[in-house]
Structure formats: C-alpha cells, structure tokens
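Here's the structure we're looking at; comments come further down.
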Amino acid sequence: MNFKEDLDEYTEELLDFLYTGKDKEDESGYGPAVQEMLVKARSGSSVQDIVDLFLYLKQARMDSGLSPDCLGLARSDAVGLAIKHQDLDEHRVSLGGRVNQAAFIVQQAGGRVDSYLEDRDREAPSGIMLWERIQENHARIREVLDMSMQEWNSFSGQLRYAIESPRTLESILNLPAGALEEVGRVTKDYRMRLTPYYAGLIMPESLDDPVLLQSVPTGEMVDNAGVEMPPVAADHSPARLIDQFYPRVVTIKATNMCAMYCTHCLRIAHIGKKDRIYPEQAYSEALDYIRRDRRIRDVLITGGDAFMLPDKVLRYMLSELDGMEHVRIKRLGTRIPVTTPQRVDQELLDILEESNDKKPVRVVTQINTAQEITPVSREAFRRISKAVSAVLNQAVLLKGINDSFVKMAHLCETIQEAYVRPYYIFNCSYRNPQFSHLRVPVEKGRDIVEGMYGNISGDAIPRYIATAGGKIPLHRSNVLDREQGDIILQKPWSGEQVRYPDADPEVYSDSRWGLKRYEAK
Ligand SMILES: *Cc1c(COP(=O)(O)O)cnc(C)c1O
Ligand code: SF4
C-alpha cells in the first residue's frame, strides 16, 4: 500500500537530526538494545515497536552524539521503517510527526501538571481519600451526641442533633479555649449549625481545616470594619419571595433554612436568626408573579436550601411550575447532598424524576473543597444525577479554603467524578463585611481558573464570576490583537500566540448563499 515514497518534513527533519550524529565508537553500549528493537520493528506489524526504536535512537543521538549508522541502521533502512510506520498507521501519521512532534508535545504538556499530581493528595485530599478518618470522626461524634444508628442515618436525626452551641461544639472538637469564647460571642448575632455528619468531615487536629473554616464562625464576623450593603432583595425583589436580575430567569427564595450555615453566606441577611415557616400565601403569590410574566423561562427554587422544604411543598412548587407553559426549566439550589446526604431518599428522588420527566430539572449545589466529597455524598449525587438532567456546582473562592490551583483543580476533578459538573466559581462578595476576611483578590482567582485550560477536561472548568447585580464573567481575554483579517490569540496554558484567521466579512455579509443562490432573480 506503499503509494507515497517521499517523506514528510517532520520525518526528514528527524532523519537529518539522527544522521548528522557522529559515526564513532558506541562507548555507552546502545548497540545490543538497538539490534533487539530493530528485529522487532522489521519483523512485526506493531507501530509502537517502530516508534520505540526511533525514540531510543533519538535519545542515543542526544546523549552521546551517535549516528544510527554506527548502531547498525543505515539511512536507507530507516527510510523503509518510516514508510512502514506510516503505512501501518490508520491515520497515516508520519514517523517524524509522532516521534519528533507529538511525543515531545505530550511530554512538555505533562510537565505542566506534574506538580499538581504530586501535590493534590497532600494539599487537598478528597473526603473519599479521608474516608477512614471521617468514619472514625463519625463514630466519635455519634457516641458523644448519643445518637442511635437510625437517627444518624435519617435527615430528621441529623437536624435534631445539629451542633448549634459552643458547648456542643466543644464536646466534639478540640478547640482552644479562646476560640470557643469567640464562637460564643459571634453566635449571639449569627447562626452556627453543623449537622453531625458534616462536622465529621472536619479533621479535628487542624485549626485551618477547610470544612471547619466554612462552618464555624470566628470573631472577624462581628469585628470586621465596613458597612453592610442592603441585601439583593432590597432593590431586586419585584414580588414576594422573588429575586430578579434577568428577564427570563428568576429565583424563589422558598425557605430561610439550611442544614448547615456557611461562614461566607451571601444570603446572610435573608437567613436571619431563626428558622421560619413561610405561609402558603407567600408561595402562591410568588408563583402568580411567574405565571403572569410569560417571558420567564427558568425558575430557580432556592433559599436557604431548597432541600429543606418538606417533600409536599417541593412537589407542589414543581408541579405548579410544570403547569405553566412558558416555564421550561427548573432549578433547585441546595447544599444538602454535601452537608446532609441522608436527605436524599427515594421519595425525594421520585419527586425530582417525576418533574424532570415533564421539563428538565437541574440541581445546583455548592461544594467548595474536595474534602466535602465522601463516598456517601458521591452516592447521593449519583442518584440525583440519574433523576434530573444535570447537577451543577457553584463554588465560592475562599481564602485558605480553596484559593490555590491545586485545591481548586482537585475540587473540580473530584466533583466531576462524583457526577457533578463545575458551573461557576464566585469571587466572594464585597457586600458583607461579615466575611471580608475570606475574600480573595480577583486576579488570584483568574490565575487559578485560567490555569485549568488545557490541563484538565474542558467540561470540568467552571466560569469565574463576580456577583454585582447579576453575574459578570471575570475571565481574562485570550484575544490579544487583530492584524488584517487575523486575530492574535494566546493559549492560556503556555502563553504561546497563534494567528486565527477570522471569518471573511464580505462572505459573511453575502445574502445570496446556500440554496438561495439558485433562486430566480
Ligand atoms: C444566580 C442567580 C440567577 C441565575 O443565574 P444564572 O447565570 O442563570 O445561573 C438568577 N437570578 C438571581 C437573582 C440569581 O442570584
Ligand atoms: S447553604 Fe447557601 S444559603 Fe445556606 S448558609 Fe450556605 S451559602 Fe447561605
């Protein structure tokens, strides 16, 4: 099938490089290995055998300056093997393209992620890796709180035994006395709540544990200088329970409860100081608002946490929305699969699946560290992902919690392996001084997210967003310049610039194209 004898430029380049080596004594003893590889490359039908031989020859040339001539391979034989390689390959990839280009490019790219692969298990272990220790924590907490196994495994049990006071916190975590006093001072104004399950994700020996930092409030919350901006609802709530930034997407804040309260909660003003049950009329007024505006297409039920709603209320809201013709998509905002996966039972899954069968339901969650993904939460997400059309994650960029490339990349990869698609990373908001100590500069987040391009799967890369009266993308532009019809692009992973010819504006503005060209004038 040898229809083309001439070699491509990559292969010429490879052979020129090899055969400008010196024909001298093989002092390093490459000969025997070359002979062995040569026999395999000549006799067999393996593409890899030929590649291995030439990679080895290239190594010998680079290390010792040896030409293949002195290792028993004449240039004409090498040409024969190059042709054989290309004939064997399904895509007719040339030997030079493979050995001199692709292998090199892959190796170089590999170097970009080596330090991540080395550091991630130590710097940002997942809850799956830590599972044995988490199970020990769980056993200890269950004993201290005197919970039965049945209570532990139920959502109501997890809520009933939730840790809300410094004293209970003290009984399960060894915090310094000063720290506990602080927690006492802060919880006079702000709520603390950790389900026993979520508390068990904290590695008790470290005061900068990322789960601890997300869930146990510290003195900064009351001491930080600054004036709180009015909550979003103050000027973006056109109807009861509704927040609206966009014409076609609205949120219903259907509850003020969460199974755990985050130290960085953007909805802190709305969460308030105690759990409230909303009257039915509030829901019906919110739904009426949506019913009346036929532009609204996507409705996000949030809170607080949408999974705090009783099954009955969830079923009611979803079926009302399913009954509105103009509503095409529903979303549920919840952190509960991470903080209290016991909530995810068959009844809930049935509600989700039933509504998803009518129109797509998406679950939007918040996971900020790989540590929050355990075999239990992963299983909850697996089941949810089978019932709905997508599970998306909105992480918040937080100091000391996920503000490094390794932590964020490992979060994104871990959740993707747990059936969750990274969707947004929010730069932590400026609106609330309560958590200004957790903020990370915009530029730092950009470096982290841009660093993911080309290095992890594209669909594990979230969009980086500032919330400022709607969600504003913060990505760096990779469009550098324009020269004549070309655009100069920059690869975010290497900085390399490439020319990208733009669509021809004249062709684009031509209205007589396609089948229309045949239309009688
Ligand atoms: C986040 C949010 C949305 C949804 O925004 P998407 O970009 O569509 O995910 C809609 N309304 C409000 C008030 C929000 O806060
Ligand atoms: S789950 Fe959401 S609403 Fe609830 S405390 Fe955390 S950030 Fe706030």
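Mean 1/r over all different Cα pairs, inverted: what Kirkwood radius does region 49-155 give, in Å? Mind dumping the intermediate values first?
On the way: mean 1/r = 0.0523 Å⁻¹.
After inverting the pairwise mean of 1/r, the radius is 19.1 Å.
Accessible area per residue of the chain at 1.4 Å probe, in Å²? Write out the running numbers ahead of the final one.
Working: 25950 Å² over 521 residues.
Per residue, the chain has an accessible area of 50 Å².
For every other residue with a beta carbon closer than 11 angstrom to the beta carbon of I487, add +1 if it is Lys or Arg and -1 if Asp or Glu, then tell me the sum. Present the calculation step by step, with values, prior to reporting the outcome.
Values: positive: R482, R499; negative: D481, E483, D486, D502.
So the environment of I487 carries a net charge of -2.
Using the Karplus curve 6.51 cos²θ - 1.76 cosθ + 1.60 with θ = phi - 60°, what ³J(HN,Hα) values do you get for each residue of region 446-458, in whole Hz, with x for Gly and Pro?
Working through the residues one at a time gives 5, 4, 5, 6, 4, x, 7, 4, x, 10, 10, 3, x Hz.
Just to compare against my own numbers: the Cα pair-distance distribution for region 234-473, 10 Å bins, whole % per bin, please.
7, 32, 37, 21, 3, 0
Once the Cβ-Cβ distance between R499 and A74 is put in as r, and R0 is 41 Å, what FRET efficiency do you end up with, to the nearest 0.05? All intermediate terms of the calculation are to be shown ahead of the outcome.
Working: r = 41 Å, r/R0 = 0.99.
Approximately 0.50, to the nearest 0.05.
Can you grab the distance from the C-alpha centre of region 233-249 to the C-alpha centre of region 145-222, Å, no decimals?
Centre-to-centre (Cα) distance: 33 Å.
Need one number: nm distance between label points at R382 and D16, each 7 Å from Cα along Cα→Cβ, rounded to one decimal.
5.6 nm
Could you order the peptides 511-517, 138-144, 367-373 from most to least packed, using the average number of other C-beta atoms within 10 Å per residue? Show your work: numbers first, answer last.
On the way: 511-517: 7.4, 138-144: 15.9, 367-373: 26.7.
In descending order of packing, they fall as 367-373, 138-144, 511-517.
Hey, for a label at E325 modelled as a point 7 Å past Cα toward Cβ, could you say which residues of region 237-254 have their backbone N under 14 Å away?
none
Using all C-alpha to C-alpha distances in region 477-521, build P(r) with 10 Å bins and read off the rounded percent in each one.
Computed distribution, short to long bins: 24, 32, 20, 17, 7, 1.
Based on the mean of other beta carbon atoms within 10 Å per residue, what is the order of 66-79, 235-248, most packed first? The partial results should precede the final answer.
Details: 66-79: 17.6, 235-248: 15.4.
Listed from highest to lowest mean packing, they are 66-79, 235-248.
Could you tally the net charge around L392, taking each other residue with its Cβ under 9 Å from the Cβ of L392, Lys/Arg +1 and Asp/Glu -1? Intermediate values should be presented prior to the final figure.
Values: positive: R331, R362, R421; negative: none.
Result for the neighbourhood of L392: +3.
What full-extension length gain, to one decimal in nm, is calculated for D119 and E354 as 0.36 nm per residue of separation minus the Cα-Cα distance? Walk me through the numbers before you get to the answer.
On the way: separation 235, 0.36 × 235 = 84.60 nm, distance 4.29 nm.
My answer for the length gained is 80.3 nm.
Filter the cross-link list K274/K444; K58/K491; K58/K444; K58/K407; K358/K471 down to pairs whose alpha-carbon distance in this structure exceeds 32 Å.
Numbers: K274/K444 36 Å; K58/K491 29 Å; K58/K444 41 Å; K58/K407 38 Å; K358/K471 28 Å.
The answer is K274/K444; K58/K444; K58/K407.
Have a look at L180, L309, P337 and report the one farthest towards the positive end of the charge dipole of the chain, computed about the Cα centre with Cβ charges (Lys/Arg +1, Asp/Glu -1).
Value: L309.
Over region 328-466, what percent of the accessible surface lies on carbon and sulfur atoms, probe 1.4 Å?
Details: 2050 of 4450 Å².
Answer for region 328-466 is 46 percent, counting heavy atoms of protein chains only.
Helix 131-145 versus the longest principal axis of the chain: what angle, 0 to 90°, nearest 10, using Cα atoms?
That works out to roughly 10 degrees.
So what is the orientation-averaged projected area of region 115-224, using the convex hull of its C-alpha atoms, in nm²?
Working: hull surface 32.2 nm².
Its average projected convex-hull area is 8.1 nm².
Restricting to the chain, what percent of DSSP beta bridges are antiparallel, rounded to 5?
The antiparallel fraction comes to roughly 35 percent.
Once you charge only the Cβ atoms, +1 for Lys and Arg and -1 for Asp and Glu, what is the size of the charge dipole of region 118-274 about its Cα centre, to the nearest 20 debye?
Values: 17 positive and 22 negative charges, 192 e Å.
Charge dipole, region 118-274, about its Cα centre: 920 debye, nearest 20.
Between R140 and V222, what is 0.36 nm times their sequence separation minus the Cα-Cα distance? Round to one decimal in nm. Walk me through the numbers on the way to the answer.
Numbers: separation 82, 0.36 × 82 = 29.52 nm, distance 3.15 nm.
The span from R140 to V222 would gain 26.4 nm if fully extended.
Carbon and sulfur together cover what percent of the accessible area of region 1-76 at a 1.4 Å probe radius?
Of the solvent-accessible surface of region 1-76, carbon and sulfur hold 49 percent.
Counting Lys +1, Arg +1, Asp -1, Glu -1, what net charge surrounds K330 among other residues with beta carbon under 11 Å of its beta carbon? If you can, show how the numbers build up before the last one.
Working: positive: R297, R328, R331, K358, K359, R362; negative: D298, E320, D322.
Net charge in that neighbourhood comes out at +3.
Just subtract the alpha-carbon distance of R294 and V106 from 0.36 nm times their residue separation and send over the number in nm, one decimal. Please list the in-between numbers first.
On the way: separation 188, 0.36 × 188 = 67.68 nm, distance 5.16 nm.
That pair, R294 and V106, stretches by 62.5 nm at full extension.
How much of the accessible area of region 477-521, in percent, comes from carbon and sulfur atoms when a 1.4 Å probe is used?
Details: 2190 of 4100 Å².
The value for region 477-521 is 53 percent carbon and sulfur by accessible area.
Could you tell me, in Å, what Rg and Dmax come out for the Cα atoms of the chain?
30.1, 93
The values are calculated or read from the model by the stated rules, or taken from the named source; none is laboratory data. Since we're looking at a predicted model, the values are computed, not measured. All Cβ positions, even for glycine, are placed from backbone atoms using ideal geometry, and neighbour counts span all protein chains on display. Ligands, DNA and RNA are excluded from the accessible area calculation, which covers all protein heavy atoms including side chains. Shrake-Rupley method; radii C 1.70, N 1.55, O 1.52, S 1.80 Å.
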